[in-house]
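Peer 1: Dropping a structure here in structure tokens format, bear with me for questions.
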Amino acid sequence: MHEISLGRTRDASPSPVWRVLVDRLWPRAVAKTGAAWDEWIKDARPSAELRQWYGHKPERQQVFRDRYWHELVAWRDDALHNELMSRAKRQPVMLLTATKDVERSHLLY
């Protein structure tokens, strides 16, 4: 199994890594043609309500994590999960977000 890493959309560069944007919204000021990632899976992101409530406030991080996990379990897309695992067996995978603070983003969960 290859590494699954986390990163920011602005730091994504062409490489042998399969790069996946996992944000609900398309990043500002980025053209859809020629973006520096291979796939956009907007359904793997937190709901708008949860994202707005969280607001990247450290004191809400644990509750956000729990609520986001429940959303992912309810959404569970076996085809997507299988595709990610299949890709990770063949090549490194990088999950991307436009969020400035990856350490407090939904990618950690």
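The values are calculated or read from the model by the stated rules, or taken from the named source; none is laboratory data. Worth saying up front: this structure is predicted, and the values here are computed from it rather than measured. All Cβ positions, glycine included, derive from the backbone under ideal geometry; neighbour counts span all protein chains shown.
Peer 1: Let me confirm something: among SER15, SER5, which residue is part of a loop (DSSP other than H, G, I, E, B), modelled with pLDDT under 80 and polar (S, T, N, Q)? Walk me through it before giving the result.
Peer 2: On the way: SER5 fails: part of a loop (DSSP other than H, G, I, E, B).
Of SER15, SER5, the one residue that is part of a loop (DSSP other than H, G, I, E, B), modelled with pLDDT under 80 and polar (S, T, N, Q) is SER15.
Peer 1: Can you list residue pairs whose Cβ atoms sit under 9 Å apart, with the first residue in segment 36-50 being surrounded by fewer than 20 Cβ atoms within 10 Å (Cβ to Cβ) and the second being among the hydroxyl-bearing types (Ser, Thr, Tyr) and not in a loop (DSSP other than H, G, I, E, B)? Count only pairs 6 or more apart in sequence or on different chains.
Peer 2: So the pair list comes out as ALA36/THR9; SER47/TYR68; LEU50/TYR68.
Peer 1: Next question. Quick check on segment 33-41. Is at least one of its residues over 20 Å from SER86 (Cα atoms), part of a loop (DSSP other than H, G, I, E, B) and at pLDDT below 80?
Peer 2: yes
Peer 1: Please go through segment 41-71 and give me each residue that is within 13 Å of the chain's Cα centre (by Cα) and among the polar types (S, T, N, Q), ordered by number.
Peer 2: Listed by number, the list holds a single entry, SER47.
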